[in-house]
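Only one structure is covered here, and it is reproduced in the block below.
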2 protein chains.
Amino acid sequence: MNTLINPRAYDSTPSCRVAFIGLGVMGYPMAGHLAKAGHEVTVYNRTPAKASTFVAQLAGADKLKHANTPALAAADADFVFCCVGNDDDLRSVVLGDHGAFAGMKHGAVLVDHTTASASVARELDAAARERGLHFIDAPVSGGQAGAQNGQLTVMCGGEPAVFERARPLVMAFARACVLMGPSGAGQLTKMVNQICIAGLVQGLSEAIAFGLRAGLDMTEALDVIGKGAAQSWQMDNRGKTMIEGKFDFGFAVDWMRKDLGLVLDEAKRNGAALPVTALVDQFYADVQRGGGSRWDTSSLITRLR
Amino acid sequence: MNTLINPRAYDSTPSCRVAFIGLGVMGYPMAGHLAKAGHEVTVYNRTPAKASTFVAQLAGADKLKHANTPALAAADADFVFCCVGNDDDLRSVVLGDHGAFAGMKHGAVLVDHTTASASVARELDAAARERGLHFIDAPVSGGQAGAQNGQLTVMCGGEPAVFERARPLVMAFARACVLMGPSGAGQLTKMVNQICIAGLVQGLSEAIAFGLRAGLDMTEALDVIGKGAAQSWQMDNRGKTMIEGKFDFGFAVDWMRKDLGLVLDEAKRNGAALPVTALVDQFYADVQRGGGSRWDTSSLITRLR
């Protein structure tokens with residue numbers, strides 16, 4: 001292919017046999033990008049119908065298969081990608097009797113895109129080494145839109161040589177894929193991201209709720225202050241919909257609580273003080289109790305209006 | 001002057017007689033821009049030496065005077081600008097026996113750039129009307145650098161017709177000057193700005209402190225997450241120096257506490273809930289007690305390291 005015409009990194013990547021475990025809102029489009037990049041993709045999903053649909057819907061379906069267990073999906077793969085719900089799901093699809101590690105061939109790499117704990121990343125990395133396999137923790141940011149557009153940011157932990165092998169494939173659905181350090185460092189970087197967002201969205205929520213009570217035209221107010229020291233991606237992209245009370249733009253409160261749980265667990269281990277992050281976690285619990293589990297994270301403002 | 005060559009709005013503004021009260025780190029360069037724009041500027045400062053220095057240092061000093069009281073400074077002015085410390089200072093220089101209102105001629109406009117309460121703005125607006133004068137509350141953002149570069153954002157409250165008269169002059173030191181509503185609306189908008197910053201800087205502080213404890217290269221981590229949903233002006237402009245522990249970039253903790261005090265007072269009146277803003281105000285009290293009164297606002301992180 002002509003790399004001058006198409007800038008995607010995967011155009012110059014040789015076709016590989018890969019597996020993808022977990023066809024959720026993130027995994028489904030990520031697996032699609034791998035298939036479109038020319039790789040032979042075998043998919044596994046807990047709900048088999050989803051895997052069948054995936055195979056049926058993609059062009060070039062001759063290169064696509066679905067398998068009934070993670071082990072079977074992973075059997076011929078050079079790289080196994082994984083994107084499931086949490087630590088327990090991850091242990092199940094990787095370490096279970098029919099998990100990926102039971103099927104992977106010597107020297108194959110498991111790239112885990114689940115947002116999970118740094119400790120499960122280290123546990124799976126150790127388990128991989130025992131079996132002559134490799135493991136990279138690789139949580140993503142960019143949300144469903146980023147997965148669909150192939151514009152995710154991928155934060156990785158693991159061995160540099162293994163990372164370098166995996167990166168060209170990951171770039172099928174990423175705008176950036178960076179090695180942050182040893183096993184677990186990808187997860188820790190994702191935690192840093194979520195801590196920033198927690199305090200930031202709460203501050204923005206308090207500001208908007210205050211301004212509305214004060215009788216300001218908050219759309220205009222955010223426009224005026226939005227080029228200075230108060231500016232944020234959240235203000236630019238969620239301010240207007242927070243004022244309007246619309247909260248259906250992606251990353252759900254339930255998922256944020258899961259991520260903040262990982263953050264607070266890690267902080268117990270490393271001794272970091274997270275007073276506002278812990279408080280915002282509790283505020284999200286309020287939102288859940290108020291029926292907002294599926295609203296996006298900007299729904300923090302609903303507690304204040 | 002040729003407005004095609006020089007884009008500054010003041011180039012097409014007729015020269016006026018103006019007064020400037022308060023030559024602090026903000027007022028000094030703001031008054032300078034008014035003088036450079038061709039206005040005849042009479043200045044007053046509580047410390048007279050500063051006013052003399054101001055007059056001596058500027059080119060075109062024949063158009064500059066300093067006066068010994070706000071009333072004398074304001075006597076011939078069409079517009080009186082003011083930028084002092086707090087509500088009490090403001091009442092003193094405006095309403096005192098030798099205050100600006102005692103000297104201003106009928107129909108003149110006082111534009112107050114002090115960050116003050118919305119209630120003092122309304123009080124001074126009412127006092128102006130009684131005397132046949134006009135008042136605009138016009139707090140700024142953009143800091144000392146913005147004042148020096150003439151790139152402040154000015155948030156105004158007052159009568160539209162009065163605002164329109166004042167705006168061309170204000171644009172001598174602003175990139176934006178916006179009417180947000182009736183008297184007090186400028187101050188309320190500035191409060192919204194400070195509420196956003198409080199939660200945001202605390203979230204960023206917790207994230208950086210957590211990441212450093214977790215052993216991450218935080219410069220790289222902020223670079224990786226800084227294009228997505230965690231991005232903020234504070235991350236872009238203060239992240240690196242927060243990691244390095246440098247806190248000498250302008251807006252001091254003492255001033256932030258003053259502003260958050262105004263915010264929390266106003267919230268008592270309008271019933272807004274500001275749980276994190278109130279907490280961050282207390283955290284800034286910790287920073288003050290630790291000797292950081294003159295550090296910039298990003299020094300919140302010192303509590304966590």
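Of the residues in region B:210-236, those shielded by at least 50 Å² of accessible area once partner protein chains are present, compared with the chain alone at a 1.4 Å probe, are B:F210, B:R213, B:L216, B:V224, B:I225, B:A229, B:A230, B:Q231, B:W233. Over chain A, Cα pairs under 8 Å with separation of 6+ residues give a relative contact order of 13 percent. Each of A:V178, A:T153, A:L133 was scored by the projection of its Cα onto the charge dipole of region A:130-196, and the greatest displacement toward the positive side belongs to A:T153; charges sit on the C-beta of Lys, Arg, Asp and Glu. Chains B and A together bury some 4600 Å² of accessible area, summed over both sides, with a 1.4 Å probe. Pairs exceeding a 25 Å alpha-carbon distance, out of A:K63/A:K105; A:K246/B:K258; B:K246/B:K268; B:K36/B:K240; A:K105/A:K190: A:K246/B:K258; B:K246/B:K268; B:K36/B:K240; A:K105/A:K190.
When each full DSSP H helix of chain A is screened for a Cα extent of at least 30 Å along its own axis and an average Kyte-Doolittle hydropathy of at least -1.0, the helices passing are A:185-213. Show log10 I(q)/I(0) for region B:189-304 at q = 0.22 Å⁻¹, two decimals, from a solvent-free Debye sum over equal Cα scatterers. The Debye formula, applied to the Cα set alone, gives -1.23. A 1.4 Å probe run over chain B, with the rest of the protein chains in place, finds 39 Å² accessible per residue. Three principal axis extents describe the C-alpha atoms of region A:40-128; from largest down they are 38, 26, 20 Å.
The mean of 1/r over all distinct Cα pairs in region A:92-237, once inverted, gives the Kirkwood hydrodynamic radius of 17.4 Å. For region B:206-305, averaging the sequence separation of C-alpha pairs within contact (under 8 Å, six or more residues apart) and dividing by the residue count gives a relative contact order of 36 percent. A simple count of charges around B:S92, restricted to other residues whose Cβ falls under 15 Å of its Cβ and scoring Lys, Arg +1 and Asp, Glu -1, yields -4. Of the Cα atoms belonging to chain B, the radius of gyration and Dmax stand at 20.5, 65 Å. Using a probe radius of 1.4 angstrom, the carbon and sulfur fraction of the accessible surface of region A:159-305 is 52%. Checking every one of the trypsin sites (Lys or Arg not before Pro) in region B:43-124 against DSSP loop status and a limit of 16 other Cβ atoms within 10 Å picks out B:R46, B:K105.
Summing Cβ point charges (Lys, Arg +1; Asp, Glu -1) relative to the Cα centre of region A:189-304 gives a dipole of roughly 260 debye.
Kirkwood-type hydrodynamic radius, region A:17-182: 15.2 Å, calculated from all non-identical alpha-carbon pairs.
Summed over qualifying helices (DSSP H, 4 residues or more, each -39500 (n - 2.57)) and divided by its residue number, the protein assembly as shown shows a 222 nm mean residue ellipticity of -15000 deg cm²/dmol. Computed from the Cβ-Cβ distance with R0 of 30 Å, the FRET efficiency linking A:N68 to A:D254 stands at 0.60.
The relative contact order of region B:56-160, computed from alpha carbon pairs under 8 Å that lie at least 6 residues apart in sequence, is 22 percent.
Binning the alpha carbon pair distances of the protein assembly as shown at 20 angstrom intervals from zero yields the distribution 19, 42, 26, 11, 1, expressed in whole percent.
The values are calculated or read from the model by the stated rules, or taken from the named source; none is laboratory data. Bear in mind that the values here come from a model prediction, so they are computed numbers and not experimental data. Every residue, glycine as well, gets a Cβ built from its backbone with ideal geometry; the counts of neighbours run over all protein chains shown. With ligands, DNA and RNA removed, areas are computed over all heavy atoms of the protein, side chains included. Shrake-Rupley method; radii C 1.70, N 1.55, O 1.52, S 1.80 Å.
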